[in-house]
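As structure tokens, the structure follows; a few thoughts come after it.
The values are calculated or read from the model by the stated rules, or taken from the named source; none is laboratory data. Quick caveat: nothing in here was measured; it's all calculated off a predicted structure. Cβ: placed from backbone, ideal geometry, glycine included. Neighbour counts: every protein chain shown. Heads up: the accessible areas ignore ligands, DNA and RNA and are worked out on the full protein's heavy atoms, side chains in. Shrake-Rupley method; radii C 1.70, N 1.55, O 1.52, S 1.80 Å.
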Amino acid sequence: MSSSAKPSPNHPRFLLFLICAFASAGQLAIDLYVPALPEMAIDYATSAQAIQTSVTGYLIAYAFGQLVFGPLADAFGRKRILALGLGLFTLGCVLTLVAPNLETFVAARILQGFGIAATNLLAKAIITDSFAGQALVHAYTYMAIAWGLAPIVAPVIGAHLQEAFGWRSCLVFLLIYSFAMWAILWRYRETLAQPVHLHPRTLFRNARMVLASPVFQSCFLAQGLCYSILLVFNIVGPFMVQNTLHQPPTFFGYMALAIGMMYFLGGISNRIQHRRLPSAEARLRIGARVMAGAAFVMLVLALTVGLQVWTLITPVLVMGFCAGAMYPTLMAKGNSIFPHIAGLTSAILGFALLLVSSGMMGLAGFVSIHSLTPLAVFFCIVSLTVILMVSKLLQHLQVPPAAAMAQPGPGR
């Protein structure tokens with residue numbers, strides 16, 4: 001990979017380590033404590049829907065934070081803005097530990113989400129700064145795998161921490177992780193080659209150019225919906241498994257581990273290249289169709305068998321693999337269309353896909369935890385929309401890039 005790297009004061013392997021550590025932080029801060037949501041609802045004497053607002057609020061702040069940090073990182077450099085975001089996240093970690101009520105806890109989670117937006121966003125910008133060609137796709141593959149590893153290990157870690165030390169120990173773990181990110185950031189050397197002038201007219205022109213791209217539109221909708229499948233399961237699943245199926249938190253943790261492993265394997269599959277195997281674009285189409293098939297199988301099982309552990313997890317395992325296989329390609333194509341404004345492009349893409357995911361999670365709050373049918377219907381609608389977005393993306397990728405010939409200048 002280093003042979004295809006752009007000139008950088010950082011070693012490519014260190015950059016990959018930084019990218020993976022920072023990309024997984026946002027996911028880790030969600031999935032680490034989802035097994036504890038039922039116990040938290042009891043401690044705060046509130047409903048399942050109310051405690052879920054701590055996840056939804058976090059995601060909305062995460063989305064808006066990217067809009068703020070992206071342009072700032074293009075103007076003032078990656079390292080400064082990473083330090084700003086990481087400082088806010090660390091402060092949010094401290095506040096969650098001392099929160100006396102649900103309102104304060106949700107506010108602290110919103111601060112966490114806003115701050116951690118800088119890490120995932122700028123991990124993508126650093127990739128664009130530092131790699132080119134096939135190395136760029138490989139770097140995004142590693143990032144997507146790291147992003148997917150968080151749902152694998154975090155629920156298991158969180159469940160065991162909860163059972164051993166109580167649910168607040170999960171928050172202590174996040175605080176320690178933030179200190180580790182500070183240590184990595186201290187060694188990082190700036191990768192932004194040339195700052196972009198932070199002028200409102202330039203900013204709006206560049207943002208309009210990004211939003212007008214049909215490739216960008218298809219990528220963010222497909223990414224957001226694939227992401228929402230994992231998020232919705234992680235927020236609805238604990239209540240189904242613990243409250244309805246009467247299993248312990250660690251049982252859900254290992255279910256999430258299995259689904260995360262399938263996502264991981266899906267991401268790894270992008271590293272397998274052979275002339276007889278489908279291209280990256282063909283894999284997108286296949287993955288979307290298999291995902292929809294798994295969702296409809298879940299619906300059939302819901303109507304015939306009902307809610308059981310295996311009827312819940314088996315289709316989600318397949319959907320997790322498909323999401324993992326599709327995500328790196330969608331991420332690479334969406335983030336690399338305008339490399340001269342990588343921070344802004346990553347910010348808008350991250351904001352858009354998280355806003356889609358937050359909306360899906362808001363709708364998931366109305367999904368019954370006592371029946372599998374509503375969740376199956378939800379997944380069917382999501383997967384059919386993914387097919388539509390992938391078809392639109394592939395259609396535009398087949399068109400000669402005339403837009404690139406008329407693309408405006410960098411607007412520096």
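In segment 119-261, carbon and sulfur make up what percent of the accessible area (probe 1.4 Å)? Looking at segment 119-261 in its full context, I get 69 percent from C and S.
Could you tell me the relative contact order of segment 265-338? Use alpha-carbon pairs under 8 Å, at least six residues apart, and round to a whole percent. Please report the intermediate quantities before stating the final value.
On the way: 55 pairs, mean separation 38.9, N = 74.
Across segment 265-338, relative contact order equals 53 percent.
According to the calculation over all Cα-Cα pairs in segment 96-199, the P(r) per 5 Å bin from zero is 2, 9, 13, 19, 19, 14, 10, 7, 4, 1, 0 %.
By the rule of a C-alpha distance below 13 Å, with chain neighbours fewer than 8 residues away ignored, the aspartates and glutamates paired with Lys392 are Glu281.
Net length available on complete extension from His370 to Gln273 is 30.6 nm, with 0.36 nm assigned per residue and the Cα-Cα distance removed. Taking 7 Å steps out from each Cα toward its Cβ at His197 and Gln395 produces label points 3.9 nm apart. With r defined as the distance between the Cβ atoms of Phe17 and Val300 and R0 fixed at 41 Å, what FRET efficiency is calculated, to the nearest 0.05? That gives a FRET efficiency of 0.40.
Of all aspartates and glutamates in the structure, those lying under 13 Å Cα to Cα from Lys124, and not within fewer than 8 positions of it along the same chain, are Asp74.
Calculated from the structure, semi-axes √(5λ) of the Cα gyration tensor in Å equals which of (1) 40, 21, 20; (2) 51, 22, 19; (3) 33, 26, 18? Checked against the structure: label (3).
Projected onto its three principal axes, the C-alpha set of segment 1-138 covers 56, 28, 20 Å, listed from the longest axis down. Fully extending the segment from Arg289 to His246 would add 12.2 nm, taking 0.36 nm per residue of separation and subtracting the current Cα-Cα distance.
Counting heavy atoms of the protein chains alone, Ser371 has an accessible area of about 40 Å² for a 1.4 Å probe.
Once every DSSP H run of n ≥ 4 in the chain is given -39500 (n - 2.57) and the sum is divided by its residues, what mean residue ellipticity at 222 nm do you get, rounded to the nearest 500 deg cm²/dmol? Present the calculation step by step, with values, prior to reporting the outcome.
On the way: 15 runs with 320 residues, N = 412.
Rounded to the nearest 500, the figure is -27000 deg cm²/dmol.
Both radii were evaluated on the Cα set of segment 212-343; the Rg over Rh quotient, with Rh as the Kirkwood radius, amounts to 1.04. Over the chain, accessible surface divided per residue gives 39 Å², non-protein components excluded, 1.4 Å probe.
Between Trp310 and Ala45, what is the FRET efficiency for a Förster distance of 25 Å, r being their Cβ-Cβ separation, to the nearest 0.05? Computed FRET efficiency for Trp310 and Ala45: 0.15.
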